[in-house]
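S.K.: My structure is below; once you've seen it, I'll send some questions.
The values are calculated or read from the model by the stated rules, or taken from the named source; none is laboratory data. Nothing here was measured: the structure is a model prediction, and the numbers come from that model. Methodologically, a virtual Cβ is constructed for each residue, glycine included, from the backbone with ideal geometry; neighbour enumeration extends over all protein chains shown.
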Amino acid sequence: MKNQKQKNGLPTRQQIIDFISNSDTPAGKREIARAFGLHAQDKIALKALLKDMSDEGLIDSAPGRAFHKMGGLPKVTVLRISDIEGDTVWAVPERWEAEGIPVPRLRVRERGGKGSALGVGDRILARTEEAGKGWIAHPMKKLAKGEELMLGVLREEGGKLWLQGVEKKERRDFLVSDAGGAEPGDLVLAEKAGRPPRITAKVTQILGDPFAPRSFSLIAIHKHGIPNVFSEELLAEAAKVAKQGLGEREDLRHLPIVAIDPADARDHDDAVWAEATEGGWNAIVAIADVSFYVRPGSELDREARRRGNSVYFPDRVVPMLPEVLSADVCSLKEGVDRAALACHMQIGKHGELKRWRFSRAVVRLIGNVAYEDAQAITDKSDAPLLDPGLRRGTERYDAIAAALKPLWDCWGALTKARAKREPLDLDLPERRIVLDEKGRILSVAPRERLDAHKLIEDYMIAANVAAAKALEAKKAPVMYRIHEPPAREKLVALKEYLKTLDVEFALGQVIQPKTFNHILKRVGESDFRDDVMQQVLRTQTQAYYGPANAGHFGLALGSYAHFTSPIRRYSDLVVHRALVAAYALGPGGVLEDQASMERTGTSISQLERRAMEAERDTIDRYVAAYLASHVGEVVEARITGVQPFGFFATVEGVGGDGLVPARALGTEYFRYDEAGQRLVGDESGDEFKLGQRLQLRLAEANPVSGALRFELPDGKGSAGRGAHGRGPKRVIKHRGRPANIRHQGRKR
C-alpha cells in the first residue's frame, strides 16, 4: 500500500482516519504500522501519535485495542437490543463514550434467524456497516443477558408490583419480576428485558422517595444521563492543581472590583469595575482564569468536555468542574487573591466599544454583592439588605456604594448602544422555585428582573464581543455563539397567526430583531401580548456553538463569543485558551484547528440542550408538586397551545403545562383551525384559542412525571370566565411570597 508520509516517517492524522474508516477488519496499531510500512523504530512514535489523536477526540479505541473514528463505530462491537418495531430489530452500542455525539441506532439484519430470536435487552456481538446516513448490524453471536435501565416508581395492584415510568410519554406500566427489596412508592432504577408484549422489569437500584423535594432533580439527572460524580482520581488531580501558585500576572488588587450575582450563587465567574474618563469610561470585566488550572489534555479537561456545562437545579448544582475549583479556587471571592483573565475596555460616551485588551491578572474583590443589594444601594433604598454584613454607614458599605456608582454611569452609555442596535426584546418571566432550608417548596413565582441584572448582562455582552473581535484580529479560531435568523417557514406561520389578531406582518422585508420589537409595540399591553411574545420566541432558531461565524441575530451582533463563564461552560474555556495562545499570555493556551472546533461546537451545543431539558423537566416536577395539593380545585389558566386532540394550558403566575383533551370538551365536535390556533365547536361556536384566559379544574398533578391534566369546571359552555353566570366555588390565584432561597439565575 502506497501512502505519502510525514517527514518523520509517520502517516498523517487524516491518513490514519481514512485507513481505519475504510478497513474491512478491525484496525489496531499493528495493522496501521503494516499498512504504512513502518519499521520497529517507528512504532513508539506511532503509539504517541495515536494517543494524541485519541486525546484530541479524533479516534477512539474499541475492545481488543482496535481503533475507530470518533463518532463512528468499531467494525466489531457489542450491541444491545433497544427496540423491536414489527419485524425490524434495533440496537444501540453497549459502550458509547463519544462526547456529545448522539448514540447511533443500528438496524439489525436478520441472517440465519439470528435477529428474529432477539428480545429487548439482549446483547449481541455484531459486525457494523455504515449504510448511507445510517448503520446496519450483522449479528455474529448472542451474548449473556443485558439490561435496559428505566427510571420509575413502584406501585402495587392486584397483588403484584408494577413499574410506572417517570417520563410523560411512557404510556404503560411494566410487571416487576424482581423488586430487589424495594417497596411500593419507591423511586427505582430497573432493567427492562424480554420481548413485547411481555417486557418485565428487575429493580437494580433503590433511589428513595420520589416525592421528596431533592428527588425531582435526581430524576432528571438519571433520565438525561448527566454525569454527577467525579472519580477519586479526578478529585485528586483537582486538589493538586488548586494548590499551584498564581504565576506572573498584572496586579489589579488596588482596584475596587465587585461581583454582582444571585444571593445563593454557588460559583462566581465574573466581576466588574469602571471609572469615568474624559471621553467615556474605562471598564474591566474580570473572569475566573479557569484555563490556568484546567490544562488541555488533562483528565480535568476531558471530564469538563464530557459534561459540557454545569447543570443548575433549584436544590443543587451538578458542576462541570470539581468544587475545589468551581466553588473555591477559581471562584472570584471577596478579600482573597484570585487568578483572572481580565478584559480591559474603553467605552465611548454613547456606549461604543472603542478599544480592548486582555491580560492575566490577580484580583482581590471588595465585595460579592447580591443583585437585590446592588439595586437597593444604587437606589438609596431603605429596604433590608440580604447580606447581614452589609450594613449602612460601615466602611465596607461605603466602599461598595462608591464602586457601584461609576458602574451604573457606564452602563447608562451601554444601554444607549443597545437601544441603537435594537436587539430582540422579549420580556418573558422566568419561573423561580422558592425552597426552605429542607428543600420543601414554599412558592413558585416569576423571577423579578432588576436593573442590576441588565447592568451585568450588558457588561458581559461587551466582554464577549471584545473576546470575539480580539481573536479575529489575530486571525485565530473563534468558538462563536451563533444565533441564525428565523427560517422562512416559521415566519410564514407567525404571519398567519398575527393575521388572526389583525396585526400586519410583511414577509418581503429584511427581517431584523427590531422587526419583532415593532410588532410588540403595535400589540401594546393587549391581553394577547404574552402570547405574541411566545409565538415570536417559537419563531427563533436555537443558538449553538461553532467556528463558522453567522452572527448573533437576537443580540443584533456580527461577532459574538461566550467568554464570561468558564467555570460552568466549556465553550468559554475554549475561548480563554485561544486568547491565551493568540496573545502569548502564558501556559494553558491552545489554538484548535477548524475540524476540532466543529466537533467541540457540536458536542457542547448538544450537551447544552440536554442541560436545558433536564432543568425544564425539574421545574415542571416542582410545579406539579406545588399544585398536587390543589387537585380538584379550579385554577386561573391561560391556553398556551392548541392541537387537533385538545389544548394545553398553564396556571397563571405559576406555570406548568397541562392538557385538556378534546374528549373532555363534551360530545360536540370541535374543529381545529391551525392558522387561528383555536378549536371551534361546530354547533355552539364555542372556541378555545391560544392566549385565552379561562378557569379550569385541576384534574391531575403528577410530581414524578411533571404532568398536569385539566378539565372544564362546569362542562359545556364554560370556556369563558364565569360563563352562563356559574362561577366556580373556589379559584386558586397566585399568591406571591418574599423569597430568600432561589433557583440560581444565570447571565447571558
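S.K.: Have a look at 388, 406 and point out the one that is in the same structural domain as residue 576 (by TED's automatic domain parsing), in contact with a strand residue (DSSP E or B) (Cβ under 8 Å, 6 or more places away or on another chain) and either modelled with pLDDT under 95 or assigned to a helix (DSSP H, G or I) (or both). Before the answer, list the steps.
M.R.: On the way: 388 fails: in contact with a strand residue (DSSP E or B) (Cβ under 8 Å, 6 or more places away or on another chain).
That would be 406, the only listed residue that is in the same structural domain as residue 576 (by TED's automatic domain parsing), in contact with a strand residue (DSSP E or B) (Cβ under 8 Å, 6 or more places away or on another chain) and either modelled with pLDDT under 95 or assigned to a helix (DSSP H, G or I) (or both).
S.K.: Here's a follow-up. Run down 290, 324 and say which single residue is touching a helix residue (DSSP H, G or I) at 6+ places or on another chain (Cβ under 6 Å), buried (at least 23 other Cβ atoms within 10 Å of the Cβ) and not acidic (Asp, Glu).
M.R.: Result: 290 is the single residue among 290, 324 that is touching a helix residue (DSSP H, G or I) at 6+ places or on another chain (Cβ under 6 Å), buried (at least 23 other Cβ atoms within 10 Å of the Cβ) and not acidic (Asp, Glu).
S.K.: Next question. Regarding residue 431, is this residue buried (at least 18 other Cβ atoms within 10 Å of the Cβ), under 29 Å from the mean Cα position of the chain (by Cα) and either at positive phi or of a type in the set (Lys, Arg) (or both)?
M.R.: Values: buried (at least 18 other Cβ atoms within 10 Å of the Cβ): yes; under 29 Å from the mean Cα position of the chain (by Cα): yes; either at positive phi or of a type in the set (Lys, Arg) (or both): yes.
Answer is yes for this residue.
S.K.: Among the residues of segment 483-503, is there at least one that is modelled with pLDDT of 95 or more and touching a strand residue (DSSP E or B) at 6+ places or on another chain (Cβ under 6 Å)?
M.R.: Checked segment 483-503: at least one residue is modelled with pLDDT of 95 or more and touching a strand residue (DSSP E or B) at 6+ places or on another chain (Cβ under 6 Å).
S.K.: Here's another thing I want to ask about it. Which condition breaks for residue 591 when tested against (1) assigned by TED's automatic domain parsing to the domain that holds residue 330; (2) in a helix (DSSP H, G or I); (3) surrounded by fewer than 24 Cβ atoms within 10 Å (Cβ to Cβ)?
M.R.: Looking at each condition in turn, residue 591 falls short on (2).
S.K.: Considering only residues that are more than 19 Å from residue 293 (Cβ to Cβ) and among the β-branched types (Val, Ile, Thr), which ones fall in segment 212-270?
M.R.: Selection gives 219, 221, 226, 229, 257, 258, 260.
S.K.: Could you please find all residues in segment 391-403 being more than 17 Å from residue 372 (Cα to Cα) and either outside the structural domain of residue 366 (by TED's automatic domain parsing) or not in a helix (DSSP H, G or I) (or both)?
M.R.: Matches in segment 391-403: 393, 394.
S.K.: It is to be established whether one or more residues within segment 343-357 are under 27 Å from residue 237 (Cα atoms) and in contact (Cβ under 8 Å) with a residue 12 or more places away in the chain. Write out each step before concluding.
M.R.: Initially, segment 343-357 is screened for residues under 27 Å from residue 237 (Cα atoms), giving none.
No, there is no match, as no residue in segment 343-357 is under 27 Å from residue 237 (Cα atoms) and in contact (Cβ under 8 Å) with a residue 12 or more places away in the chain.
Yes or no, residue by residue, for (1) among the basic types (Lys, Arg); (2) assigned by TED's automatic domain parsing to the domain that holds residue 312; (3) at pLDDT 85 or above; (4) not in a loop (DSSP other than H, G, I, E, B):
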position	(1), (2), (3), (4)
185	no, no, yes, no
189	no, no, no, yes
192	yes, no, no, yes
216	no, no, yes, yes
221	no, no, yes, yes
240	yes, yes, yes, yes
247	no, yes, yes, no
263	no, yes, yes, no
266	yes, yes, yes, no
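S.K.: Take segment 663-696 and flag every residue that is charged (D, E, K, R) and part of a strand (DSSP E or B).
M.R.: 671, 673, 678, 687, 689, 693
S.K.: Which is under 30 Å from residue 579 (Cα atoms) and of a type in the set (Lys, Arg), of 499, 469? Spell out the reasoning first.
M.R.: Details: 499 fails: under 30 Å from residue 579 (Cα atoms).
It is 469.
S.K.: Now for a separate question. Would you point out which residue out of 555, 585 is more than 21 Å from the chain's Cα centre (by Cα) and in contact (Cβ under 8 Å) with a residue 12 or more places away in the chain? Quick ask: steps written out before the conclusion?
M.R.: Details: 555 fails: more than 21 Å from the chain's Cα centre (by Cα).
The unique qualifying residue is 585.
S.K.: For a quick check of your reading of the model, give me the residue pairs whose first member lies in segment 278-305 and is assigned by TED's automatic domain parsing to the domain that holds residue 569 and over 19 Å from residue 406 (Cα atoms), whose second is of a type in the set (Lys, Arg) and surrounded by fewer than 17 Cβ atoms within 10 Å (Cβ to Cβ), with beta-carbon atoms closer than 9 Å and at least 6 apart or on different chains.
M.R.: 301/295
S.K.: Return the residues of segment 332-380 that are surrounded by fewer than 17 Cβ atoms within 10 Å (Cβ to Cβ), in a loop (DSSP other than H, G, I, E, B) and not charged (D, E, K, R); say none if nothing qualifies.
M.R.: Answer for segment 332-380, where residues must be surrounded by fewer than 17 Cβ atoms within 10 Å (Cβ to Cβ), in a loop (DSSP other than H, G, I, E, B) and not charged (D, E, K, R): 335, 336, 350.
S.K.: Look at residue 457 and say whether it is under 20 Å from residue 375 (Cα atoms) and modelled with pLDDT under 85.
M.R.: For residue 457, the condition - under 20 Å from residue 375 (Cα atoms) and modelled with pLDDT under 85 - is not met.
S.K.: Buried (at least 18 other Cβ atoms within 10 Å of the Cβ), assigned to a helix (DSSP H, G or I), in contact with a helix residue (DSSP H, G or I) (Cβ under 6 Å, 6 or more places away or on another chain) and in the same structural domain as residue 368 (by TED's automatic domain parsing), is that true of residue 462? Can you show your working first?
M.R.: Values: buried (at least 18 other Cβ atoms within 10 Å of the Cβ): yes; assigned to a helix (DSSP H, G or I): yes; in contact with a helix residue (DSSP H, G or I) (Cβ under 6 Å, 6 or more places away or on another chain): no; in the same structural domain as residue 368 (by TED's automatic domain parsing): yes.
So residue 462 does not fit the description; no.
S.K.: So, one more: I'm trying to understand the selection: among the residues of segment 509-523, which are touching a residue at least 60 places away in the same chain (Cβ under 8 Å) and of a type in the set (D, E, K, R)? I'd like the intermediate steps shown before the answer.
M.R.: Residues of segment 509-523 that are touching a residue at least 60 places away in the same chain (Cβ under 8 Å), as a first pass: 512-514, 516-517, 520.
Once the filter is applied, which keeps residues that are touching a residue at least 60 places away in the same chain (Cβ under 8 Å) and of a type in the set (D, E, K, R), segment 509-523 yields only 514.
S.K.: Among the residues that make up segment 434-443, is at least one of them assigned by TED's automatic domain parsing to the domain that holds residue 417, crowded, with 22+ Cβ neighbours inside 10 Å and either modelled with pLDDT of 90 or more or among the β-branched types (Val, Ile, Thr) (or both)?
M.R.: Checked segment 434-443: no residue is assigned by TED's automatic domain parsing to the domain that holds residue 417, crowded, with 22+ Cβ neighbours inside 10 Å and either modelled with pLDDT of 90 or more or among the β-branched types (Val, Ile, Thr) (or both).
S.K.: Any residue in segment 2-21 that is at pLDDT below 70, out of contact with any Gly (no Cβ under 6 Å at 6 or more places or on another chain), within 22 Å of residue 135 (Cβ to Cβ) and buried (at least 18 other Cβ atoms within 10 Å of the Cβ)?
M.R.: Within segment 2-21, none of the residues are at pLDDT below 70, out of contact with any Gly (no Cβ under 6 Å at 6 or more places or on another chain), within 22 Å of residue 135 (Cβ to Cβ) and buried (at least 18 other Cβ atoms within 10 Å of the Cβ).
S.K.: Now for a separate question. State yes or no: is residue 499 farther than 21 Å from residue 640 by Cβ and surrounded by fewer than 16 Cβ atoms within 10 Å (Cβ to Cβ)?
M.R.: On the way: farther than 21 Å from residue 640 by Cβ: no; surrounded by fewer than 16 Cβ atoms within 10 Å (Cβ to Cβ): yes.
For residue 499, the condition - farther than 21 Å from residue 640 by Cβ and surrounded by fewer than 16 Cβ atoms within 10 Å (Cβ to Cβ) - is not met.
S.K.: Still on this structure, please answer the following. Kindly list the number of the only condition in (1) of a type in the set (S, T, N, Q); (2) over 20 Å from residue 585 (Cβ atoms); (3) buried (at least 21 other Cβ atoms within 10 Å of the Cβ); (4) in contact (Cβ under 8 Å) with a residue 60 or more places away in the chain that fails for residue 215.
M.R.: (4)
S.K.: Would you call residue 53 modelled with pLDDT of 70 or more and under 30 Å from residue 227 (Cβ atoms)? If you could, list the steps in order and put the result at the bottom.
M.R.: Working: modelled with pLDDT of 70 or more: yes; under 30 Å from residue 227 (Cβ atoms): yes.
So residue 53 passes the test.
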